[in-house]
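Okay, so here's the structure we're looking at.
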Amino acid sequence: MVLKLIVAAIAAVLALVVLVRLIEPRFAFFPTTGESETPAASGIPFQSTTLTTADGERLRAWVFPQPAPKAVVLYFHGNGGNLSIWLPILAGIHRQGYEVYAIDYRGYGESTGGPTERGLYRDVDAAVEWVSRAAGRRAPLVYWGRSLGSTMAAYAATRRAPDGLILESGFGDARSLLRASPPLAFLGLFSTYRFPTAAFARQIHRPVLVMHGDRDSVIPFAAGRELFDAIAEPKEFVTIRDGDHNDLTPPDPIGYWRAVKEFVDRLRTAVARLPR
């Protein structure tokens, strides 16, 4: 009888493991396929290209060039939508004088494949290699990630160090988001997904700007503070006043862009002091 109960318990756990690993991509990723709008619709010069990952997926990528950029930004968007949906944010960064490079992860927009945590890291590898070839060293290089993209930006920094790192609306790791819900925390024990943003960021020794909205309804403000507390100096935390998670434009644009500009200006000063 006891043996039967043990066997049944083991079978139940195995079934739960299989179930969680089948459904976890649906909880982590919300891609929108296609390309409904491009920067051309906003009158912004851009170039569209395709990157090939190490495992053969083809990723749509955009470049917003600047003749004399204040910084070169490699941007990683969140887990929903595609480049078209994130266009207002990319255009906003470009309007501040930054040259912007951005990709759609596998399964998003016009990119092939389907998203997984490991797959997205391969996409980031391709993006980092692309920017290292294309951008040169005309200005400070910044990796900027938002939401799930903050994990991708932190991972990118472990592959090839930038001059600075911006983590917006991020979190320390996936399990830190599940702690508030005991059922989800339990299911998380069987998930393969980790998204260890803080662990990645601790591996680099570059300035980090952490930004988080104080009205974020998806990733709590406290999660952004926990991420900030978990990473090493040099670092700075900026509260986005009245900022929610899915804002396409900052509610306090003056304060928001001033924080970014001051961060980039410090990077520009540091880069200018480097020996040529």
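The values are calculated or read from the model by the stated rules, or taken from the named source; none is laboratory data. This structure is a prediction, so every number in the text was calculated from the model and none was measured. In this analysis, Cβ positions are derived from the backbone assuming ideal geometry, glycine residues included, and neighbour counts consider all displayed protein chains.
Assorted remarks:
- The number of residues in the stretch 102-145 that are over 13 Å from the mean Cα position of the chain (by Cα), touching a residue at least 60 places away in the same chain (Cβ under 8 Å) and closer than 19 Å to residue 87 by Cα comes to 4.
- In the stretch 159-276, counting only helices (runs of 4 or more DSSP H) that sit wholly within it, the ones holding 2 or more residues that are modelled with pLDDT of 95 or more and of a type in the set (Phe, Trp, Tyr) span 221-230, 253-272.
- Inclusion of residue 148 among residues that are surrounded by 21 or more Cβ atoms within 10 Å (Cβ to Cβ), touching a residue at least 60 places away in the same chain (Cβ under 8 Å) and touching a His at 6+ places or on another chain (Cβ under 9 Å) is warranted.
- Residues satisfying the stated conditions in the stretch 243-276, i.e. exposed (fewer than 15 other Cβ atoms within 10 Å of the Cβ) and hydroxyl-bearing (Ser, Thr, Tyr): 249, 269
- Condition met for residue 155 (over 19 Å from residue 48 (Cα atoms), assigned to a helix (DSSP H, G or I) and modelled with pLDDT of 95 or more): yes
- Candidates 129, 37, 117: the one that is touching a strand residue (DSSP E or B) at 6+ places or on another chain (Cβ under 9 Å) and of a type in the set (D, E, K, R) is 129.
Results for (1) out of contact with any Phe, Trp or Tyr (no Cβ under 6 Å at 6 or more places or on another chain); (2) surrounded by fewer than 18 Cβ atoms within 10 Å (Cβ to Cβ); (3) modelled with pLDDT of 95 or more; (4) within 28 Å of residue 268 (Cα to Cα), shown as yes or no for each residue.
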position: 75; (1), (2), (3), (4): no, no, yes, yes
position: 78; (1), (2), (3), (4): yes, no, yes, yes
position: 86; (1), (2), (3), (4): yes, no, yes, yes
position: 93; (1), (2), (3), (4): yes, no, yes, yes
position: 97; (1), (2), (3), (4): yes, yes, yes, yes
position: 100; (1), (2), (3), (4): no, no, yes, yes
position: 110; (1), (2), (3), (4): yes, yes, yes, no
position: 114; (1), (2), (3), (4): yes, yes, yes, no
position: 131; (1), (2), (3), (4): no, no, yes, yes
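- The residue of the stretch 227-242 that is surrounded by the fewest Cβ atoms within 10 Å (Cβ to Cβ), among those that are farther than 16 Å from residue 165 by Cα and either touching a residue at least 40 places away in the same chain (Cβ under 8 Å) or out of contact with any Pro (no Cβ under 6 Å at 6 or more places or on another chain) (or both), is 241.
- Residue 48 vs. criteria over 19 Å from residue 154 (Cβ atoms), of a type in the set (Gly, Ala, Ser), at pLDDT 95 or above and assigned to a loop (DSSP other than H, G, I, E, B): no
- Beta carbons closer than 8 Å, at least 6 apart along the sequence or on distinct chains, pair a first residue in the stretch 211-226 that is of a type in the set (Gly, Ala, Ser) with a second that is part of a helix (DSSP H, G or I) for 213/221; 223/176; 223/177.
- The condition of being part of a loop (DSSP other than H, G, I, E, B), under 13 Å from residue 46 (Cα atoms), in contact (Cβ under 8 Å) with a residue 24 or more places away in the chain and out of contact with any Leu (no Cβ under 6 Å at 6 or more places or on another chain) holds for residue 83.
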